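Notes to accompany the following structure.
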């Protein structure tokens, strides 16, 4: 019995870690898409952010990670994955593309931004006479040392860093490199804080929030405390911390409610799971359950 509880706890912790990384990358995509896409090798100019809650199929509402409508009329669909890609993942992406294409009458290309350590990632699926493909962007293939070196050289020459220079720092913790993850995060925070003239207050807040969420995923103990101290040194620090934690918690609860409802669990079972996973009282769990219960 204890072994089962430990295994369940491990799976819950792993899911929460994946959610944190997913939340960080979605925030980066929302606020820094214009700088992020060229960095990832995605061609074209963004026209606007497109819906992600786009279609219903067989009474199921489908949620994509992020969509951009491009100037050429096509859509770019981003998916963020922390693990290896499976046949099930590719079928899900294919289903998204087909439904969006049918609903909005657009061509869709899916880019999967993957932070997995897996070196060979599945990017195509052949079934019947058709082959479906996604474009995989593997962040571990990118060396964060080169990024930091380039930015330090630019600063040494007296040239101010721009938002375009700073945006890649949001991906640095997910890249490879000789620096450990804590160093990459704290160095990124320092560079962003020192280049505040290049950013609006909201952009500064969001960049630090992204890095904090990644720190919360990858670090523990003294490491996460040092990152908290670095962010708390700014006037935005406490606001970022309070707001980011609250939003991250609520989004995690919302996704949990949606998934368990789709799997057919009862309200009482979902409330019990919310209490266990997020350390909530029954009253708090019931409140969130009512807030995020899908309208049917």
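What follows is calculated from the coordinates using simple rules that are stated; it is not laboratory data. Note that the coordinates shown come from a computational prediction; the quantities given were computed from them, not determined experimentally. Quick reminder, even Gly has a Cβ in these numbers, built from the backbone with ideal geometry, and neighbours come from all protein chains shown.
Listing for the model above:
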| quantity | calculated |
| --- | --- |
| Rh by Kirkwood over Cα pairs, then Stokes-Einstein D for the stretch 125-216 at 1.567 mPa s and 4 °C, µm²/s | 89 µm²/s |
| Ranked packing of 67-76, 162-171, most packed first, by mean Cβ within 10 Å | 162-171, 67-76 |
| Tensor-based shape of the stretch 246-292 (alpha-carbon gyration tensor, a/c under 1.5 rounded, otherwise prolate or oblate) | oblate |
| In Å, descending, principal axis extents of the Cα set of the stretch 41-141 | 35, 32, 25 |
| Global form of the stretch 72-201, assessed from the alpha-carbon gyration tensor, a/c cut-off 1.5 | prolate |
| Span from the the stretch 129-164 Cα centroid across to the the stretch 257-276 one, whole angstrom | 40 Å |
| Contour excess over end-to-end distance, with Cα ends at residue 197 and residue 123 and 0.36 nm allotted per residue | 22.6 nm |
